[in-house]
Amino acid sequence: MTQHDNHGARSAQKQADTDVALGKGLDIGTANFAAAVQNEDGGITVTVERNAFLDIPSDVYSKNMLTKLKVPYVVHNGKLVVIGEAAFELANVFGRETRRPMCDGLISPNEVDALPMMKLIISKILGEPRTAGENCYFCVPAPSLDVDNNVVYHQGLFESMINKMGFNAHAINEAHAVIFAELAESDFTGIGLSFGGGMANACIAYKSIPCLSFSVARGGDWIDKNVANVLGCPRSKATYIKERGIDIRDPKSREEEAVTIYYRSLISYVLTNIKARFESGQNMPSFNTPVDIACAGGTSLVGGFIEVFREEFAKIDFPIPVGRIFRSEEALTAVAKGCLVAAAIGES
Amino acid sequence: METVNDIRHALSARSRTATLEQLASEGRKRVRLIKAEHVAAMIAAAVHAAVDESGLVSKEEADKLVERSRDEFRSLMRDRQAEVQRLAEVEDLLRARDQEIAALKAQLAGGGAGVAGAAGTASAGTAATAAAAPEISAALEKLAGSLNDRLEKLGRKMGISAAVEGEEVKFDGLFKDTGKSLESNMENIQVKQKAGGGIAANLERLKKLKGGS
């Protein structure tokens, strides 16, 4: 028996003892990375890191300070590159913009030299595979209705990256993952919506089988960009305003008012596009009973999101009978959780 | 001759029928008679005369036109008769299939009862169906091809189908420089972790849907 076989046997025994399903789920988001794994208590553990970087001049003093402050960094091309949430916080302190390796849900053509840093973060949050070739399902966006994009390069790049880490990588549609995470009670029949940083993804599924999926290239970043434009501040600052715990039903300042306006506009835009796509009738299933709509994604975390969503939904004549409209209780991590479900069941 | 018939119909539609007594009561003692053929000939002569006088078409060309029109009419008649014939054949085929279906239904419902009686009809239907078999199989193949295309397109859009993985492009080259270790303090940094609800219920539901234990 080889060392590899021994490792596999130990893992299998461990799985039997703890009933922990193998497999990992990875949400590769424009704003955040999240990796989900089943833990021994029957729950899941999700590791989250912001998908952002900040270059600062490299010197011994800065490096020591970052180490003392437990701020993650990488030395790359002679520069100190602060990674993740810390980069976002530092950018706000210094009034700078973070570097964003992804844009509109896909790898940004302007940030190809950020690949080593992304690989580091993904490796950190995923950890080692528990068996050689352990399943890792990662999310990819669907083709967009409103921009001409191509997910082939994006998907292939992350597939290769994850495979190189020793996993067996599989892609799954982002909104389909929301259905796996949130619509178990409806036998995985309904509409999953993922409001991410770069995109809003939609998927309609019947008994776990995706019938139709697509995206629109607007998300949290679109709100940030517009808020930053009207307020005359960096986007990182706009992101901070958006994420500091506001309620879009009750804005308290001019800044919050701006966020509220663009949130409502985003929700309306997404719903209008979904309606138009559903009405076009191609590949559309017909439902005898109302289906649920599950919303997830970091952009849906803002206070009052689901109430505003319901208000905007009531304004349109939706072509499908709809039952519950709800936001995931774990909106930020629902996609990673759905990927984990797919990985554990070996969905392909 | 068609012209004569047409004229006869036109005359019939635009004239009235009266008995000799009626005519006598109207004070008419004599009437002049003319045959429909003569009227047709007169009309043809009048048309030819008008055409001649117009100088637009020579008499020979006018005759040719008349002849071509007649040929065209006959050709249309033949086509229409052929269509009627085809329609009758299709109706026969449909009747035969209906009879075959009825026989098969009876066979299924009665567990064999009445099969003997229906057998003769069914065999007649089968013969008709056999004639149409190549058309049906071609249509089925076309439908299957169309469905496959649509499924493939759908799978690609979803990003989950074998079709997507089948077109795999190797991007390993992009990471040839990332294998070398970068100076970093990542190994000493704890990343944020969140606890989430379990997935056991989701997995159980999915297994049930898939028909597993």
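The values are calculated or read from the model by the stated rules, or taken from the named source; none is laboratory data. What you see is a predicted model; the values in this text were computed from it and never measured. Here the Cβ is made from the backbone with ideal geometry for all residues, glycine too, and neighbour counts use every protein chain on show. Side chains included, ligands, DNA and RNA excluded: accessible areas come from the protein's heavy atoms. Shrake-Rupley method; radii C 1.70, N 1.55, O 1.52, S 1.80 Å.
Of all residues in the range A:70-87 being more than 8 Å from chain B (Cβ to nearest Cβ) and surrounded by fewer than 16 Cβ atoms within 10 Å (Cβ to Cβ), which is farthest from residue A:33 (Cα to Cα)? Checked the range A:70-87; the qualifying residue farthest from residue A:33 (Cα to Cα) is A:78. Meeting the requirement of 3 or more residues that are β-branched (Val, Ile, Thr), the helices (runs of 4 or more DSSP H) wholly within the range A:17-126 are A:115-126. Looking only at the range A:283-296, which residues are open to solvent by 40 Å² or more (accessible area, probe 1.4 Å) and either in contact with an Asp or Glu (Cβ under 6 Å, 6 or more places away or on another chain) or without any contact (Cβ under 8 Å) to a residue 24 or more places away in the chain (or both)? Answer for the range A:283-296, where residues must be open to solvent by 40 Å² or more (accessible area, probe 1.4 Å) and either in contact with an Asp or Glu (Cβ under 6 Å, 6 or more places away or on another chain) or without any contact (Cβ under 8 Å) to a residue 24 or more places away in the chain (or both): A:286, A:288.
Of all residues in the range A:252-295, those satisfying the criterion of being part of a loop (DSSP other than H, G, I, E, B) and either hydrophobic (A, V, I, L, M, F, W, C) or over 21 Å from residue A:312 (Cβ atoms) (or both) are A:252, A:253, A:281, A:282, A:283, A:284, A:285, A:286, A:287, A:288, A:289.
Looking only at residues that are β-branched (Val, Ile, Thr) and crowded, with 17+ Cβ neighbours inside 10 Å in the range A:198-254, which one is nearest to residue B:211 (Cα to Cα)?
Per the criteria, the residue is A:204.
Anything in the range A:131-148 that is buried (at least 18 other Cβ atoms within 10 Å of the Cβ) and more than 7 Å from chain B (Cβ to nearest Cβ)? List them, or say none. Those that are buried (at least 18 other Cβ atoms within 10 Å of the Cβ) and more than 7 Å from chain B (Cβ to nearest Cβ): A:131, A:134, A:135, A:136, A:137, A:138, A:139, A:141, A:144. Picking from residues in the range A:62-113 that are over 19 Å from the mean Cα position of the chain (by Cα) and aromatic (Phe, Trp, Tyr), the one that is nearest to residue A:235 (Cα to Cα) is A:94.
Residue by residue, here is whether (1) out of contact with any Ser or Thr (no Cβ under 6 Å at 6 or more places or on another chain); (2) of a type in the set (S, T, N, Q); (3) on the phi < 0 side of the Ramachandran plot; (4) at pLDDT 90 or above holds:
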site	(1), (2), (3), (4)
A:34	no, no, yes, yes
A:42	yes, no, no, no
A:48	yes, no, yes, yes
A:91	no, no, yes, no
A:96	yes, no, yes, no
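Yes/no matrix, rows are residues, columns are (1) open to solvent by 20 Å² or more (accessible area, probe 1.4 Å); (2) farther than 15 Å from residue B:191 by Cα; (3) away from chain B (no Cβ under 12 Å):
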position	(1), (2), (3)
A:51	no, no, yes
A:58	yes, yes, no
A:63	yes, yes, no
A:68	yes, yes, no
A:92	yes, yes, yes
A:98	yes, yes, yes
A:101	no, yes, yes
A:113	yes, yes, no
A:125	no, no, no
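Pairing residues of the range B:41-56 that are of a type outside the set (D, E, K, R) with residues that are surrounded by 11 or more Cβ atoms within 10 Å (Cβ to Cβ) and not in a helix (DSSP H, G or I), at Cβ distances under 7 Å and at least 6 apart in sequence or on separate chains, gives B:51/B:57. For the criterion of being of a type outside the set (A, V, I, L, M, F, W, C) and at the interface with chain B (Cβ under 10 Å from one of its Cβ atoms), residue A:229 fails. Among the residues in the range B:45-61, are any touching a His at 6+ places or on another chain (Cβ under 8 Å) and part of a helix (DSSP H, G or I)? Looking for residues that are touching a His at 6+ places or on another chain (Cβ under 8 Å) and part of a helix (DSSP H, G or I), one finds at least one in the range B:45-61, hence yes. Filtered by the rule that a residue be open to solvent by less than 100 Å² (accessible area, probe 1.4 Å), more than 7 Å from chain A (Cβ to nearest Cβ) and modelled with pLDDT under 60, the range B:178-213 gives B:179, B:212. Just to be sure, is residue A:13 at pLDDT below 85, over 21 Å from residue A:118 (Cβ atoms) and either among the charged types (D, E, K, R) or open to solvent by 10 Å² or more (accessible area, probe 1.4 Å) (or both)? Spelling it out, residue A:13 is indeed at pLDDT below 85, over 21 Å from residue A:118 (Cβ atoms) and either among the charged types (D, E, K, R) or open to solvent by 10 Å² or more (accessible area, probe 1.4 Å) (or both). Of the listed requirements (1) in contact (Cβ under 8 Å) with a residue 12 or more places away in the chain; (2) more than 23 Å from residue B:206 (Cα to Cα); (3) not polar (S, T, N, Q), residue A:174 misses just one: (2).
Considering the range A:323-348, and only residues there that are among the basic types (Lys, Arg) and within 17 Å of residue A:188 (Cβ to Cβ), the residue that is surrounded by the most Cβ atoms within 10 Å (Cβ to Cβ) turns out to be A:337.
Restricting attention to the range A:107-146, the residues being modelled with pLDDT of 85 or more and under 23 Å from residue A:216 (Cβ atoms) number 9. So which residues in the range A:297-322 are exposed (fewer than 14 other Cβ atoms within 10 Å of the Cβ) and not in a helix (DSSP H, G or I), if there are any at all? Hits for the range A:297-322 are A:303, A:316, A:317, A:321.
If you check residue A:254 against the conditions, is it closer than 25 Å to residue A:178 by Cα and of a type in the set (D, E, K, R)? Let's see the steps before the verdict.
Values: closer than 25 Å to residue A:178 by Cα: no; of a type in the set (D, E, K, R): yes.
Judged against the criteria, residue A:254 is not a match.
A Cβ distance below 6 Å, combined with a sequence gap of six or more or placement on separate chains, defines the contacts here; from the range A:58-70, residues that are free of Cβ contacts under 8 Å to residues at least 40 places away in the same chain and of a type in the set (Gly, Ala, Ser) reach residues that are open to solvent by 70 Å² or more (accessible area, probe 1.4 Å) and not in a loop (DSSP other than H, G, I, E, B) in the pairs A:58/A:79.
Among the residues in the range B:10-18, are any under 25 Å from residue B:73 (Cβ atoms) and either in a loop (DSSP other than H, G, I, E, B) or in contact (Cβ under 8 Å) with a residue 24 or more places away in the chain (or both)? Checked against the condition, which is being under 25 Å from residue B:73 (Cβ atoms) and either in a loop (DSSP other than H, G, I, E, B) or in contact (Cβ under 8 Å) with a residue 24 or more places away in the chain (or both), the range B:10-18 yields at least one hit.
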